[in-house]
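Down below is the structure, laid out as structure tokens.
The values are calculated or read from the model by the stated rules, or taken from the named source; none is laboratory data. Computed from a predicted model, the values in this text were never measured in an experiment. Here Cβ is always computed from backbone atoms with ideal geometry, including for glycine, and neighbour counts include all displayed protein chains. Areas reflect the complete protein model, heavy atoms only, side chains present, ligands, DNA and RNA absent. Shrake-Rupley method; radii C 1.70, N 1.55, O 1.52, S 1.80 Å.
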Amino acid sequence: MAQSRSLAVPCRAPVLALSFLACVATGLELSVNNHAADFTLSTEPGPPISLSCLVHNSSQAEELLWYRGDGQVGLKEGNKVNISNICISPVNESDNGVTFTCRLARDKSVQVSVILDVQFPPQLSGEETLHVEEEKDVTLTCNSKSNPQAQSTWLKDNQSLTLQQSHHEIYQTSEIFRLSIKKVQKSDNGTYTCVVESPLGLGTRDFYLIVEEKKPVFPTEAVIAAAVVVSLTILFGIVARKDKLFKVWKALVS
């Protein structure tokens with residue numbers, strides 16, 4: 001409909017129309033939950049969150065759009081004009097750090113964003129039982145999620161682990177706490193505990209390291225080489241005596 005009307009307007013009319021829209025948009029503001037600027041909303045997993053976007057200083061009906069990150073949120077027809085509400089339910093850990101943005105449909109530069117700060121105690125995971133041979137390397141990986149970020153440490157058999165240079169190695173990010181042990185020995189056998197502590201709580205996870213005796217190395221290449229030599233010897237022996245063998249076979253069938 002907008003295109004068909006613009007065709008009937010004189011050449012300068014589109015410029016005037018744009019100027020008029022710009023004037024109308026001047027002074028237009030949005031607010032989300034009474035915040036006129038971007039803000040962070042702290043919450044916890046479970047209870048739903050309602051976000052309400054409202055148009056201010058409007059002299060006409062204004063359509064609103066909601067985005068979760070870069071993806072647009074689908075809205076019902078009665079929830080788009082001058083005021084729009086969305087509900088996040090249930091809130092979970094994956095919503096932490098996600099941005100929800102309300103924008104004016106005809107001027108997307110008019111917007112307000114909300115960053116969710118979902119706070120939760122440490123949650124740990126990782127392979128619990130590891131078998132490794134002596135003299136080999138092993139890595140215990142404790143996957144840790146928490147908000148706010150937590151402090152981590154390793155225990156061995158319920159005692160603080162004494163890190164030995166060139167034998168132990170620690171690697172840590174916001175979601176991974178890793179212990180690597182080089183050339184494990186029988187003395188490394190035991191229960192290792194990943195301890196992660198934040199202001200919201202304490203998380204632990206046990207890892208059972210079972211160090212097995214080193215298995216003798218089977219000389220596969222030597223066995224193969226010996227088998228080849230034996231096979232060739234037998235083959236050459238048959239070829240060398242083929243005439244005699246043929247005579248014996250002929251005498252047996254006669």
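For this structure, a couple of remarks:
- Tally of residues being surrounded by 15 or more Cβ atoms within 10 Å (Cβ to Cβ), out of contact with any Ser or Thr (no Cβ under 8 Å at 6 or more places or on another chain) and in a strand (DSSP E or B) across segment 123-139: 2
- Every residue from segment 40-64 that is in contact (Cβ under 8 Å) with a residue 40 or more places away in the chain and closer than 12 Å to C102 by Cα: L51, C53, V55, E63, L64
- Answer from E134, E212, E197 - the residue that is touching a residue at least 24 places away in the same chain (Cβ under 8 Å), under 24 Å from G97 (Cα atoms) and acidic (D, E): E197
- Boolean, K182 is out of contact with any strand residue (DSSP E or B) (no Cβ under 8 Å at 6 or more places or on another chain), touching a residue at least 24 places away in the same chain (Cβ under 8 Å) and more than 20 Å from Q119 (Cβ to Cβ): no
- Restricting segment 85-120 to residues that are among the small types (G, A, S) and more than 11 Å from T40 (Cβ to Cβ), the residue that is least open to solvent (accessible area, probe 1.4 Å): A105
- Considering only residues in segment 55-84 that are in a strand (DSSP E or B) and open to solvent by less than 70 Å² (accessible area, probe 1.4 Å), the one that is nearest to Q119 (Cα to Cα) turns out to be Y67.
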